[in-house]
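The values are calculated or read from the model by the stated rules, or taken from the named source; none is laboratory data. Remember, it's a predicted structure, so these values are computed and weren't measured experimentally. Heads up, the Cβs are rebuilt from the backbone with ideal geometry, glycines too, and the neighbour counts pull from every protein chain shown.
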Amino acid sequence: MSDLEGYTDRTEAGIVLARQLEAYRGRDAVVLALPRGGVPVAWEVAESLDLPLDLVFVRKLGAPSNPEVALAAIAGLRGEVLVRNADVIRASGCDAATLEGLAAREREVIADRIKRYGAPGLPLAGRVAIIVDDGVATGATMRAALRAVRAAGPEELVCAVPVASEDALEAIRTEADRVICPLVPSYFGAVGAYYTYFGQVPDAEVAQILATAQARPSRKDRA
């Protein structure tokens, strides 16, 4: 598939993103992936631009009647950042108790992933933080990630995604200092519709990418 229509897979999407992030080569920047789908994309960016890779933990709170519909999202090591999609919550009729129950369940998922992958360890204060995912539909998860990372004090906060809806980007622009998105379809379907291959990313692949990234010597070590 061409760049204007979509991507073969997450690897190609990351390569395309890296080209648009070339200005950050040589900067004091960190690439932050949203696991799991954002990790292969972010790895291509980090490897291409010779930047370190870390994670930002975030989880969507899906509607009980349709888990693909995001009522809200949580982010942070304890899921302490909550971003609501107020219109979706009203339309779903979801009450506060139900939302908190969903949040509690997803906080357990975050805790489990921290055990699997390790807690983020790279300092962000005063640096450029580039948050990467494989795509954005409603924007709730990315907005939660941006707020969580903003609290760490980066000098510049960048959102970089291969594909997104215009509505989501409008909301994200209020949270990020810069937004990079090569593909913004006039009519947005699901994120996976813009990839030829869009399977689930297994935990083993995430762990392998993180191990490779951590083993790679830094620019300072090679200087």
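Suppose we filter the range 56-110 for residues that are in contact with a Phe, Trp or Tyr (Cβ under 9 Å, 6 or more places away or on another chain) and more than 19 Å from Met142 (Cβ to Cβ); how many remain?
Total meeting the criteria: 0.
Quickly run through the range 113-129 and pick out the residues that are surrounded by fewer than 17 Cβ atoms within 10 Å (Cβ to Cβ), in contact (Cβ under 8 Å) with a residue 40 or more places away in the chain and either among the polar types (S, T, N, Q) or assigned to a helix (DSSP H, G or I) (or both). It would help to see each step written out before you state the result.
Residues of the range 113-129 surrounded by fewer than 17 Cβ atoms within 10 Å (Cβ to Cβ): 114-116, 118-119, 121-123, 125-126.
Within this subset, residues satisfying the condition of being in contact (Cβ under 8 Å) with a residue 40 or more places away in the chain are 114, 116, 118-119, 121-122, 126.
Those that are surrounded by fewer than 17 Cβ atoms within 10 Å (Cβ to Cβ), in contact (Cβ under 8 Å) with a residue 40 or more places away in the chain and either among the polar types (S, T, N, Q) or assigned to a helix (DSSP H, G or I) (or both): Ile114, Arg116.
Take Arg105 and decide whether it is surrounded by fewer than 15 Cβ atoms within 10 Å (Cβ to Cβ) and either farther than 30 Å from Ala23 by Cα or not charged (D, E, K, R) (or both).
Yes: the conditions hold for Arg105.
Return yes or no: is Ala190 closer than 26 Å to Arg84 by Cα, surrounded by fewer than 16 Cβ atoms within 10 Å (Cβ to Cβ), in contact with an Asp or Glu (Cβ under 9 Å, 6 or more places away or on another chain) and of a type in the set (A, V, I, L, M, F, W, C)?
For Ala190, the condition - closer than 26 Å to Arg84 by Cα, surrounded by fewer than 16 Cβ atoms within 10 Å (Cβ to Cβ), in contact with an Asp or Glu (Cβ under 9 Å, 6 or more places away or on another chain) and of a type in the set (A, V, I, L, M, F, W, C) - is met.
For the range 1-109, give me every one of the strands (runs of 3 or more DSSP E) that falls completely inside it and has 1 or more residues that are basic (Lys, Arg). So that I can check it myself, show each step before the final result.
On the way: elements: 29-33, 53-55, 58-63, 66-75, 81-84.
Answer list for the range 1-109: 58-63, 81-84.
Among the residues of the range 45-58, how many are under 21 Å from Gly192 (Cα atoms) and more than 14 Å from the chain's Cα centre (by Cα)?
So the count comes out to 0.
Go through (1) at pLDDT below 95; (2) crowded, with 22+ Cβ neighbours inside 10 Å one by one and return the number of the condition Pro64 breaks.
Pro64 satisfies all of (1) at pLDDT below 95; (2) crowded, with 22+ Cβ neighbours inside 10 Å except (2).
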